[in-house]
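Following: one structure in structure tokens, then a few remarks.
The values are calculated or read from the model by the stated rules, or taken from the named source; none is laboratory data. Every value quoted in this text rests on a predicted model; they were computed, and no experiment measured them. Cβ coordinates were reconstructed from backbone atoms using ideal geometry, including for glycine residues, and neighbour counts include every protein chain displayed. Surface areas here come from the heavy atoms of the whole protein model, side chains and all, with no ligands, DNA or RNA. Shrake-Rupley method; radii C 1.70, N 1.55, O 1.52, S 1.80 Å.
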Amino acid sequence: MSEPREIELKLECEPSDLATLQAHALLQEASEQSEADLTSTYFDTPDQRLREAGLGLRVRRIGDRYVQTLKAEGDGLFSRPEWEQEVDGDKPDLAALAHTPLDEVLGRKDELQPLFTTSVKRRTYLVEQGNSRIEVALDSGRIEAPAAGGRVVPVCEVELELKQGTSGDVFALSQAIAALAPLRLGVRSKAERGYSLASGKLDRIHKAERVPLREDMSAAEAFQAVAHACLRHMRLNEDVLLRGRNADALHQTRVAIRRLRSAFSLFGDLVADARGARIQAELKRVTEPLGQARNLDVFLATTLPSERERHPDEVGLLNLETQLEDQRSKAYEAVQSLLHSAEWRGLVLDLVAWINAGPWLRDEAEGRAELREEPARDFAARELGRRRRQVKRRGRHLDDLRPEDRHKVRIAAKKLRYGAEFFAGLYPDKKAVKRHATFVKALSELQDQLGALNDIATGHEVVRDIAGEHPGASALFAAGMTAADLEARTRKLLAAAADAHEDLVDAKPFWR
């Protein structure tokens, strides 16, 4: 069976935003309009085997009809395979899903059970945008799960589904709609939220997930999947951070942005265009508050407690902590101001539009089309090899390097680490998987040592900032003492970093 694909962009909002959009001429003048109450029940095995396989199976009641839908993992955000057909009742018809990925997951004796239900009032509008026809759906409702003990998840979102035409028009329409109401990029399906509700994991912090790459992908498709995974990672943790100060959520949000910026670098000329360069520069500029808050989190959570253990009677450390806590509160206020701003929401939508419909996808300059169409495995092998040689060369005699040169090694190692994580799915055979684990372990050890050295450098910056603000004498003394203790750790870390570099050089590349 072929894979019909759903091209859909999800935007999250508040109930008042739906009312604003519903009343606007953009939708009121749509060629077709309808309204329906949708009740969907999602099914899985008791051990949630479908979810583990990246599948979602629901039966939706629409009036007197029942429609069954199976969705598979796609590019991580925007496009995914979908199989849909009417069924006779409110239970899945597995025979109708023969020759779909479900065949590889379920055995003959496996039984499906309902896990959660979504109840949504949907208003749909068929909108003409450019040369395309796009269905705009305004959804409001709730998700319920028997295992959630009465807790529900509200649903309030806008979905744009391409019915006919090009994906670029979907993003153009999303930006037009976002100009009318404060909308955010949505990265979680109703199914994912339902699973989180049923398992009691709604509010958890999210680490980077495996990038859904396939061996038959082109380099351009691989970049889009990587970039979508980074955006998803960022938005999941941004949602936690929007609810209040959370050091882990801030750290993961910042990691996601760093991974995304590394993806721009790894794919280099393939994605280069003027619009993308502007977006990347803006992303770096506006996210500086996250770095400032993170530096203070690290200093207050690790450096200062260590100093208290070394100098338990030093009163100045308490005064220093008071000064830094005040700075951290201001830093988090700046983070909240950024994340609640129209500038930030617009930048994220600009970014996802550029990833999926930017000039880089249409550039016919010499060699550009060939770069985009190159098999992802070939592109990844070449780029990983180049980055490995760079780390090997720059890290020679690492324990004798100047701080600025060590910083270059750290950045190169970080990009190699992210590349190794991004491209892992392209090398699924057992030998490659085993080599990948060894390679990433060695790379992680090098990153840990270089990261600790970077934390020392950052600690010096924090101390200098405190000194520049003329705190009390005791806090200033404690700052100077802390700086001296930080420096004393450097030689030991340098030796460990040099050993980790040698281990990395000895590790066999998993992509060969």
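A simple spin-label model places the labels of residue 91 and residue 199 2.7 nm from each other, with each point 7 Å out along Cα-to-Cβ. The helix-only estimate of mean residue ellipticity at 222 nm for the chain, built from DSSP H runs of length n ≥ 4 each weighted as -39500 (n - 2.57), is -17500 deg cm²/dmol after division by the residue total. Gain on full extension, evaluated as 0.36 nm per residue between residue 506 and residue 243 minus their Cα-Cα distance, stands at 90.2 nm. Measuring nothing but protein heavy atoms, the accessible surface of the chain at 1.4 Å probe radius is 47 percent carbon and sulfur. Average accessible surface for segment 190-263: 35 Å² per residue, computed with a 1.4 Å probe over protein heavy atoms with every protein chain in place. Take segment 50-157 with all the other protein chains still there, run a 1.4 Å probe, and you get 50 Å² of accessible area per residue. Peptide packing: for 226-232, 36-42, the average count of neighbouring Cβ atoms within 10 Å per residue gives the ranking 226-232, 36-42, highest mean first. Highest mean packing comes first when the peptides 51-59, 273-281, 349-357 are listed by Cβ atoms within 10 Å, giving 349-357, 51-59, 273-281.
Rolling a 1.4 Å probe across the protein heavy atoms gives segment 282-369 an accessible surface of 47 Å² per residue.
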